[in-house]
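Working notes, structure below.
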Amino acid sequence: MENAKRRLYVAYGSNLNLAQMALRCPTAKVVGTATLRNWCLIFQGVGIIERHKGGEVSVLGWEIQLEDEIALDHYEGWPRMYRKESVRVRIDGKQVRAMVYIMNGERRLYAPSNGYYNTIREGYVSAGFDLSVLQEAVKISKNKEERFKWL
């Protein structure tokens with residue numbers, strides 16, 4: 001799936017939202033869902049993922065063109081705010097490598113705004129993801145003591 005013009009990208013936050021991605025990346029196509037194993041979803045106002053043994057994060061796979069990636073880079077603040085990493089995921093029964101944005105550095109955890117949360121929630125619903133995972137990420141991000149118990 002990956003060549004000079006196309007790339008596989010996996011989204012876990014606001015880029016799960018189909019309407020938002022249609023505006024930002026009009027040539028991007030959903031290719032399936034997957035799970036990132038040994039990662040967790042938390043919030044620093046925005047959704048981020050970090051490594052966590054035993055954790056799982058649902059992601060939506062997108063086939064993107066170069067123009068889409070440029071738009072995503074701008075949106076994600078790459079390379080200052082986010083870096084790109086390559087992860088292995090299983091989509092349609094095949095193990096593939098995909099690009100994912102990972103936030104740089106450490107910041108204070110806090111819950112997302114209602115608007116941002118609803119954007120991600122719409123993506124979770126349309127992808128058929130378990131909403132309890134999203135709700136737990138908000139809970140952990142609101143309560144540092146809860147996060148330390150969980151980690």
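The values are calculated or read from the model by the stated rules, or taken from the named source; none is laboratory data. Everything numeric here is computed off the predicted structure, so don't read it as measured data. All Cβ positions, glycine included, derive from the backbone under ideal geometry; neighbour counts span all protein chains shown.
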Do any residues in the range 40-57 that are closer than 16 Å to Arg121 by Cα have Cβ atoms under 8 Å from those of residues that are among the aromatic types (Phe, Trp, Tyr) and at pLDDT below 95, where the two are at least six apart or on different chains, and which pairs are they?
Phe43/Tyr110; Gly45/Tyr110
Would you check if Gly32 is within 22 Å of Asn114 (Cβ to Cβ) and either surrounded by 13 or more Cβ atoms within 10 Å (Cβ to Cβ) or in contact (Cβ under 8 Å) with a residue 40 or more places away in the chain (or both)?
no
Index of the failed condition, Val133 passing every other in (1) within 30 Å of Arg7 (Cα to Cα); (2) at pLDDT below 95; (3) part of a loop (DSSP other than H, G, I, E, B)
(3)
Exactly one of Ser126, Ser86 is within 16 Å of the chain's Cα centre (by Cα), loosely packed, with under 12 Cβ neighbours inside 10 Å, of a type outside the set (A, V, I, L, M) and at pLDDT 95 or above, and that one is Ser86
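Listed here are the residues, each with its yes/no results for (1) in contact (Cβ under 8 Å) with a residue 40 or more places away in the chain; (2) under 19 Å from Ala22 (Cβ atoms); (3) surrounded by fewer than 16 Cβ atoms within 10 Å (Cβ to Cβ).
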position	(1), (2), (3)
Leu72	yes, yes, no
Arg80	no, no, yes
Gly93	no, no, yes
Asn104	no, no, yes
Tyr117	no, no, no
Between a first residue in the range 10-27 that is over 15 Å from Pro112 (Cβ atoms) and a second residue that is of a type in the set (Lys, Arg) and surrounded by fewer than 24 Cβ atoms within 10 Å (Cβ to Cβ), which pairs have beta carbons less than 9 Å apart while being 6 or more apart in sequence or on different chains?
none
Filter the range 1-29 for residues that are within 17 Å of Ile102 (Cβ to Cβ) and among the hydroxyl-bearing types (Ser, Thr, Tyr); which is surrounded by the fewest Cβ atoms within 10 Å (Cβ to Cβ)?
Ser14
Only one of Gly45, Gly61, Gly93 is touching a Ser or Thr at 6+ places or on another chain (Cβ under 9 Å) and on the phi > 0 side of the Ramachandran plot, namely Gly45
State whether the residues of the range 56-68 include one that is buried (at least 21 other Cβ atoms within 10 Å of the Cβ) and charged (D, E, K, R).
yes
If I ask for residues that are among the small types (Gly, Ala, Ser) and within 17 Å of Tyr12 (Cβ to Cβ), which ones from the range 60-106 would you list?
Gly61, Gly77, Ser86, Ala98
